[in-house]
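Remarks on the structure that follows.
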Amino acid sequence: MKARAVLAASVILLPACEREDRRLNAVPPNPPQQFVSEVRLQPGPTEMSDTTEGPYDDNAPGTAEGQRLFSQMNCSGCHSNGGGGMGPALMDDQWIYGSRPDQIFASIAEGRPNGMPTWKYRLTTQQIWELVAYVRSLSGLTPKGARPTRSDHMMVKPANSQTPNAKPKNTVKP
């Protein structure tokens with residue numbers, strides 16, 4: 001009788017164990033149709049929106065893979081773990097070239113004047129989208145459940161999953 005009760009409970013509880021759809025073998029999403037135009041020493045559009053979602057914004061494994069790629073591709077060398085260095089900070093609410101996923105995708109894929117290299121020849125479209133999700137998670141633009149845990153070394157702020165959701169704003173031009 002006890003074995004039947006355990007079996008019945010496991011049959012009932014087993015479907016509740018599914019946490020999320022991992023999409024490991026899915027076809028990678030297409031790049032944006034229109035990139036932010038590159039203009040000499042000029043930032044891209046100033047239109048800011050935090051309502052647009054990228055394909056991996058709500059996907060914890062995709063965002064975690066973006067975190068791994070951020071480290072592997074030495075993005076911290078310029079962006080200093082997201083806090084800003086030679087490259088702009090990624091943890092704040094000010095975005096020079098836009099905070100929408102397609103705008104961040106364009107910045108990574110096409111590069112930007114004054115130092116941001118182009119990565120479209122070294123990373124796949126899927127890897128760039130994963131980086132987009134991670135970069136957006138640094139400033140709280142993704143759902144908390146999809147944000148990766150922090151890497152404790154050199155971190156000066158709470159874990160990304162503890163960061164409140166943010167709304168980006170325009171950068172003031174000098």
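Listing for the model above:
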read-out	value
Subset of region 97-111 [of a type outside the set (D, E, K, R) and part of a helix (DSSP H, G or I)]	PRO101, GLN103, ILE104, PHE105, ALA106, SER107, ILE108, ALA109
Members of region 108-133 that are among the small types (Gly, Ala, Ser) and surrounded by fewer than 24 Cβ atoms within 10 Å (Cβ to Cβ)	ALA109, GLY111, GLY115
Inter-residue pairs, beta-carbon under 9 Å, first on the phi > 0 side of the Ramachandran plot and in region 64-91, second in a loop (DSSP other than H, G, I, E, B) and among the acidic types (Asp, Glu), 6+ apart	GLY84/ASP92
Condition met for ARG136 (in contact with a Ser or Thr (Cβ under 6 Å, 6 or more places away or on another chain) and either buried (at least 20 other Cβ atoms within 10 Å of the Cβ) or without any contact (Cβ under 8 Å) to a residue 24 or more places away in the chain (or both))	yes
Some residue of region 6-26 being closer than 23 Å to THR124 by Cα and either modelled with pLDDT of 70 or more or among the polar types (S, T, N, Q) (or both)	yes
In region 60-90, the residues that are touching a Leu at 6+ places or on another chain (Cβ under 7 Å) and either over 19 Å from THR142 (Cβ atoms) or at pLDDT 85 or above (or both)	GLY66, LEU69, PHE70, HIS79, LEU90
Top-ranked residue in region 114-141 [being of a type in the set (Val, Ile, Thr) and part of a loop (DSSP other than H, G, I, E, B); ranked as nearest to ASN59 (Cα to Cα)]	THR124
Output for region 52-90, where each listed residue is crowded, with 21+ Cβ neighbours inside 10 Å and aliphatic (A, V, I, L, M)	ALA60, LEU90
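The values are calculated or read from the model by the stated rules, or taken from the named source; none is laboratory data. Please read these numbers as outputs of a predicted model, since none were measured by experiment. All Cβ positions, glycine included, derive from the backbone under ideal geometry; neighbour counts span all protein chains shown.
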